[in-house]
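Any read-out appearing in this document is the output of simple, stated calculations on the displayed coordinates, not a laboratory observation. None of the values given here were measured: they were computed from a predicted structure. Positions of Cβ are generated from backbone atoms using ideal geometry, with glycine treated the same way; all protein chains shown enter the neighbour counts.
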Amino acid sequence: MNAGFWRRFVAGLVNNALIGITFGIYWIFLIINFCKAKPSIGMKVMDMEYSTKEQLKLFGFRLLAGLFYLLIVTLLWDLVMICMKKGTFAERWSGNFLVISK
């Protein structure tokens, strides 16, 4: 059975607390455990594990999901800025705005 929201939340909370307590050193162990398809301490606390050992596929799709989340946020931000007539992020960054021809 797949892990639900609260199990994932608590596992992430435990992992983030350990990263904070160890000043980021635990993050290195998280990467190593992920590459070896071993559960992290947060996952062990919540009795979770990976269903398969295909970590490269999981890494790729996690990266893709993160990029999609970033894309959604930037699209919403650009929509708000266009409605306020301040230009998109790319226009503001380049200093080249679309203007109404007279």
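Data for the structure
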read-out: Angle between the chain longest axis and helix 5-21 axis [Cα atoms, degrees, rounded to 10]; value: 90
read-out: For the chain, projected area of the alpha-carbon convex hull averaged over all directions, nm²; value: 10.1
read-out: Spin-label model distance (nm) - residue 10 vs residue 36, 7 Å beyond Cα toward Cβ; value: 2.5
read-out: Positive minus negative residues near residue 31 (Lys, Arg vs Asp, Glu; Cβ under 13 Å); value: +3
read-out: Region 49-90 pair-distance distribution - Cα-Cα, 10 Å bins, rounded %; value: 27, 30, 20, 15, 8
read-out: Principal axes of region 1-52: Cα extent on each, largest first, Å; value: 34, 23, 13
read-out: Principal-axis tilt of helix 25-35 within the chain, Cα atoms, nearest 10 degrees; value: 80
read-out: Residue 22 paired with residue 76, simple spin-label distance in nm, labels 7 Å along Cα-to-beta-carbon; value: 3.3
read-out: Cα-based helix-to-principal-axis angle, 55-83 vs the chain, degrees rounded to 10; value: 30
read-out: Nitroxide proxy distance, nm - points 7 Å out along Cα→Cβ at residue 90 and residue 59; value: 3.0
read-out: Simple Cβ-charge dipole of the chain, Lys/Arg +1 and Asp/Glu -1, about Cα centre, in debye nearest 20; value: 100
read-out: Separation between Cα centres of region 5-51 and region 53-72, rounded to whole Å; value: 17
